[in-house]
Structure formats: C-alpha cells, structure tokens
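These notes concern the structure reproduced below.
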Amino acid sequence: MSMMDADFHAKSHNQSSQIKNNKVPFIIGVAGGTASGKTTVCNVIMARLHDRRVVLINQDSFYHCFSDEQSANLQDYNFDHPDSFDTESLLSCVETLRKGQSVNIPDYDYKMHKKSGPGRLVNPSDVIILEGILVLHDERVRDLMNIKIFVDLDSDVRLGRRIKRDTVERGRNIQYVLDQYDKHVKPSFEEFILPSKKHADIIIPRGADNDVAIDLIVQHIRTKLGQHDLCKIYQNLFVIPSTFQLRGMHTLIRNAKTRKHDFVFYADRLIRLVVEHGLGHLPFTEKQIVTPTGSIYTGVVFCKRLCGVSIIRSGESMENALRACCKGIKIGKVLIQREGNDRQLIYEKLPKDIASRQVLLLDPVLASGDSAMEAISLLLNKGVSESNIIFLNLIAAPEGIHAVCRQYPRLKIVTSEIDAGLNEHSRVIPGMGDFGDRYFGTGANASATFLPKNKA
C-alpha cells in the first residue's frame, strides 16, 4: 500500500471510528419574525417527539450582555439587529455539540438584559433545533443546518402577540413596545429577517396553528432519528428503511451455510428492492390519465432515457432485476481489475449516447470505493453528468461511502444496509463474502480472466 493510500485509509478509519463514538447531529433551523410563533412551533415539536435525543437551542440565549450605560438607554438599542447577537459563541456551541461534546448554554434575563445563573448544560444529541429570528441570516449558521424552516405570520397578528408578550411576561408598557416596534423591530424585519426567508426549505404559514406542517416535520425528524449516522452527513446517501423482511433476507444471504440456490433466490429479491428504490430517485413529470372508469388520475412519468452500467462481474447479478423493472433498458459493462494498490480499467462497453441518459451504476458491494470511483470517473469522461448517476448496491462500508460521497457529492448512493467497516484485507465486515463467487458458483480466481459475452 502506498503512503497516500495508507494515509487515506487511516483518515477513513479515524472518521469512521469518530462517527461510531460521536453521533453527528441533524440540525434544524427555525426562523421567523418577532412573535410569529417560532418558539411555540418548536415547543410543540419537542412535546410531540418527547425524545431526549432532540434538544432545543434558542438564539435569544446569545444576546450580548448590556453595560450599565446601555441599560440606561434601552430605547436606543435594536434587539432585532444581527449585531445584537453573539454569533461567534453560538457557532462555537453548535460546533462543540457536533463534535460530541457537552456545552453550557447561557441563560439570558430579558428584564436585566444580562446573562443570569449558571446556564444550561446541553449534552450531545441526535437532533438539534436552533430557533431564533435571525438564525437563517448568517451564512455560517445556515451552513450547519440540514433543514431550514421559516415560520410566517401576518404582521398585524405578530404585533398583537408582541404587545401581549412584552407587557405581560416582560413588564414593559404598551407605548414602549410600540415605539420599539416602529423604530427597530419593523425595519429590522424588512431588512434582515424577511430576506432570510428565501433560504428556507420549508415555510410554515399560520405558525403553531398549522398542525399539518408540524406533523410533517415531526415525522421527518422521527425518520432521521432512525437513520444511520452517515445519512446525516451525506445528503446523497439513501438507505432503504429496515424491516423484518429486509433483515430476514440479509440474514439468509450473509449466512455462510446458505446454499447457492437459496443465496441467489434471496439475493435477487433484495436486489429487486434496491433497484426499485433507486428508480424512485429518477426525475419525473406529472401526467394525467383517464382510468377505465372514465375518471381522471394524476400520476407521474419517470425519465425514459435510462441505462444501467454493471461493474463486472458482481454487478451483472443486478441486471435481471433492472431489466424486469425497466423493459428494454440498455445495459453497459465495465471491468476494473486491481493492479497492486491501484485499479485499472480492463474493458468497457457503453451505449454511445450514454452522456444524455440517467445512469444506474450496479455493484452489490461497496467496499473501499476504489472500483466504484474508477467506474464513475469513466462515466464522467464519457459526458455523463454526475447528478445523473445513481449507484445501487446491497451493502456498503463506511470507508467506501466516505470516499465516493466526498469525491462525487452530486451522485446518489442507494443501499440496503451499511456495514461496520473493512478489515485489514479491505473486505467488508460482517459482509457476505465474495458476492460474485457465491452468486455465480465460481472459484475465487474466476473473475480475473472473465470477459462479457453479451453486448451492451
């Protein structure tokens, strides 16, 4: 192994070990104007989840503390301006949590405008909800988020809520609240907060009254809590939701005592599921059709310019499932062979118009990722857009996922399970052995001289 390869594998192992020990949190940002219902929305989400793996952090905790001089002239201070927040401390706290370490979040006293008490200890969590009027304003904060939400509410309703909140909860008189609104709150909303709405992935109108939107967000968070940690790092990685049926098929094909006939039968079933899941990531357009009852049905039509590319020879085991799902699909082939520490392209036969097609790359096992990256590089050289490649496999090692997703962040990987890692021989653990030998019933060296007979 070369020094460069050794360094790469060492880094991959270290990152894989870090992920096992420290979960990388899924971060949700919730912004909106003053009294729009942001905090209420977040509290409802927290209450419905009732999960200790979810933590809420308020941007208000990071207001700058006031000096005595500033406290004497509160009417001149704009609490809705980005400069009123200690964004550096906010970034530091979130980064610390991302590293799997606990942090102390300040307690801010709205009456004294100073930090009070010992603060709140926040432990590393799977999901962090970051709430505040300006959490979508700063690009550095936005870049930490996996989902960005903007809570939208009519300005008159927000003003009424602010008057009630500031007079009842914070002991301020109505005239002071109105003066602050006209002088600072409204101008800052129009200059800083409202423009940040364009960065939102989800906009919730009517705030906490929008039960449908909140239910969808809660369901999405529950899905994320059940995902593999790597899915939280790489947005282009998709793992088929685990079921007992899926686990049962994995149990059979991973069992060293399973006979070839049964191995092929259950591997084919599993491959079919992966292929169908992968097809769901193709671009589509809506289409209305008329049913036999004379009714109108609004459905979808997927992109028809497809082709498969199998990495010989294990990838050829996935061709039948692809043909069964996509009648008449063109399938190309590539043969990549190990030469020392490198991979060398030995053979390729691809459709001439592959550059204009969506490509489903087929290989049952993603180990180190070397062969996959060689095949992907070939496809890119042939003019295929990186975002038009969907890589399908049954199992994947974290090392291979890191390698492929870092190098090619715009393609998609669809797999049915992520294994623990690679052993000293770069074999997937727990794995399923040599997939090609078990599927085709051949010896360990059979793939070295194998060349395809059928044309693409």
If only one of Tyr63, Tyr108 is at pLDDT below 85, within 20 Å of Thr34 (Cα to Cα) and hydroxyl-bearing (Ser, Thr, Tyr), which one is it? Tyr108
Being of a type in the set (Lys, Arg) and either under 29 Å from the mean Cα position of the chain (by Cα) or outside the structural domain of Cys325 (by TED's automatic domain parsing) (or both) is the filter here; which residues of region 243-286 pass it? Arg247, Arg254, Arg269, Arg272
Test for Val300: is it in a strand (DSSP E or B) and buried (at least 17 other Cβ atoms within 10 Å of the Cβ): no
Would you kindly identify the helices (runs of 4 or more DSSP H) lying entirely within region 156-256 that contain at least 1 residues that are in contact with a Cys (Cβ under 6 Å, 6 or more places away or on another chain)? none
Tabulated pairs, region 75-88, first part of a loop (DSSP other than H, G, I, E, B), second modelled with pLDDT under 85, C-beta under 7 angstrom, 6+ apart or interchain: Tyr77/Gln70
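Hey, can you tell me all the residues within region 343-377 that are of a type in the set (A, V, I, L, M) and under 18 Å from Met318 (Cβ atoms)?
Let us first name the residues in region 343-377 that are of a type in the set (A, V, I, L, M), namely 345-346, 350, 354-355, 359-362, 365-367, 372-373, 375-376.
If the condition is that a residue be of a type in the set (A, V, I, L, M) and under 18 Å from Met318 (Cβ atoms), then Leu350, Ile354, Val359, Leu360, Leu361, Leu362, Val365, Leu366, Ala367, Ala372, Ala375, Ile376 are the ones that fit.
Look through region 138-160, keep the residues that are touching a Ser or Thr at 6+ places or on another chain (Cβ under 8 Å) and in contact (Cβ under 8 Å) with a residue 60 or more places away in the chain, and return whichever of them is surrounded by the most Cβ atoms within 10 Å (Cβ to Cβ).
Top of the filtered list is Val151.
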Residues being in contact (Cβ under 8 Å) with a residue 40 or more places away in the chain, hydrophobic (A, V, I, L, M, F, W, C) and touching a strand residue (DSSP E or B) at 6+ places or on another chain (Cβ under 8 Å): count how many of those fall in region 396-426. 7
Among the residues of region 290-319, count how many are of a type in the set (Val, Ile, Thr) and modelled with pLDDT under 90. 3
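The values are calculated or read from the model by the stated rules, or taken from the named source; none is laboratory data. Fair warning: this is a prediction, and the values are worked out from it, not measured in the lab. Counting neighbours? That spans all protein chains shown, and the Cβs are built from the backbone with ideal geometry, glycine included.
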